[in-house]
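A quick write-up on the structure given underneath.
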Amino acid sequence: MRLFLAFSLTAGLKKKIAFLEEKIDKKFKTKLNWIPLENLHLTVLFLGHLNYQDYLKVENILANFNLPYRNLEARIKKIAYGPPGKKRMIWLYLEKNKKLEEIKNYFEKELDKQSVFYKKEVREFLPHINLIRLKVAKDLPEIDEKLNWSINLNELCLFESYLKKEGAEYKKLKCVKIGL
């Protein structure tokens, strides 16, 4: 199973993103294939391919996760190409967020305690929402735009990812409510 932990996005945020995508679309000469709004999420930790036993351990860690604060807010600061210095995707970049980093670190620690073998990231945690994967990375218009969107993150989910020719498909396996 190809798994990751991520926050679902609220309906209100998805509407704002849809308007932003329409605006960005006008800057491109070709039609863009945006990731469907229902598939958008904020990844906390990519786990990679896990066996069924490890999946059950991750599900249990998530079920017992207890966030030590009532409200989880984040701020989207800009839309730009990503990852930084590359033009392979279009991202919504979030400001660094101590609470998000704590959640990521918590899960890494619990996964290690449970001896779950997962794909560990060696790069710095850079919270973002991927909106599109670009097929061609040259002759692209300037899209870098500052934003100041405050968002609430209230549902942390374990997702399974299916890679298909037309793009990835995601299925929520287990979710926990945050801050309610």
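Quick note: the coordinates plus some simple rules give every number you see, no bench work behind them. Small disclaimer: the values here were computed from a predicted structure and weren't measured. Positions of Cβ are generated from backbone atoms using ideal geometry, with glycine treated the same way; all protein chains shown enter the neighbour counts.
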Amide H partners (placed H, <5 Å) of GLY82, local residues excluded
ARG88, MET89, ILE90, TRP91
Along the chain, longest interval not containing exposed trypsin sites (Lys or Arg not before Pro), exposed being DSSP loop plus at most 10 other Cβ atoms within 10 Å:
32-69
On a 0 to 90 degree scale, rounded to 10, what angle separates helix 11-25 from the longest Cα axis of the chain?
30
For region 148-165, Karplus-derived ³J(HN,Hα) couplings (6.51, -1.76, 1.60; θ = phi - 60°; whole Hz; x for glycine and proline) come out as 9, 9, 8, 10, 9, 10, 10, 9, 9, 10, 9, 10, 9, 10, 10, 7, 10, 4
With each label point set 7 Å from Cα along the Cα-Cβ vector, what nm distance links LEU173 and ASP139?
4.3
Long-range amide H contacts for LEU147: which residues qualify at under 5 Å (H placed 1.01 Å from N, peptide plane, sequence gap of 5 or more or a different chain)?
LYS78, ILE79
Karplus couplings for region 119-129 from phi (6.51 cos²θ - 1.76 cosθ + 1.60, θ = phi - 60°), rounded to Hz, Gly and Pro as x?
7, 7, 7, 9, 7, 5, 5, 10, x, 7, 10
Averaging sequence separations of C-alpha pairs under 8 Å and six or more residues apart, then dividing by the length of the chain, give the relative contact order as a whole percent.
34
For region 68-119, how big is the tail of P(r) above 12 Å, as a whole percent of Cα pairs?
73
Relative to the chain, whose Cα atoms define the longest principal axis, helix 98-113 and its Cα axis are tilted in degrees, nearest 10, by 40
Longest exposed-site-free window of the chain, the sites being GluC sites (Glu not before Pro) in a DSSP loop that have at most 15 other C-beta atoms within 10 Å:
1-94
One finds the C-alpha centres of region 30-73 and region 124-180 to be spaced, in Å, by 10
Between GLU155 and residues 5 or more places away or on another chain, which pairs have amide H atoms under 5 Å apart, with H built 1.01 Å from N, and which residues are they?
SER8, ILE178
For region 1-98, what does the convex hull of the Cα positions come to per residue, in cubic angstrom?
144
Let a ≥ b ≥ c be the square roots of the eigenvalues of the Cα gyration tensor of region 41-88; is it rounded (a/c under 1.5), or, if not, prolate (a/b larger than b/c) or oblate?
oblate
Kirkwood Rh for the chain from C-alpha pairs, in Å, is 17.3
For region 43-52, just list the computed ³J(HN,Hα) in residue order, Karplus coefficients 6.51, -1.76 and 1.60, θ = phi - 60°, integers in Hz, with x standing in for Gly and Pro.
6, 9, 7, 7, 9, x, 7, 10, 7, 5
Chymotrypsin sites (Phe, Trp or Tyr not before Pro) in region 1-82 lying in a DSSP loop, each with at most 16 other Cβ atoms within 10 Å of its Cβ, come to PHE28, PHE65, TYR69
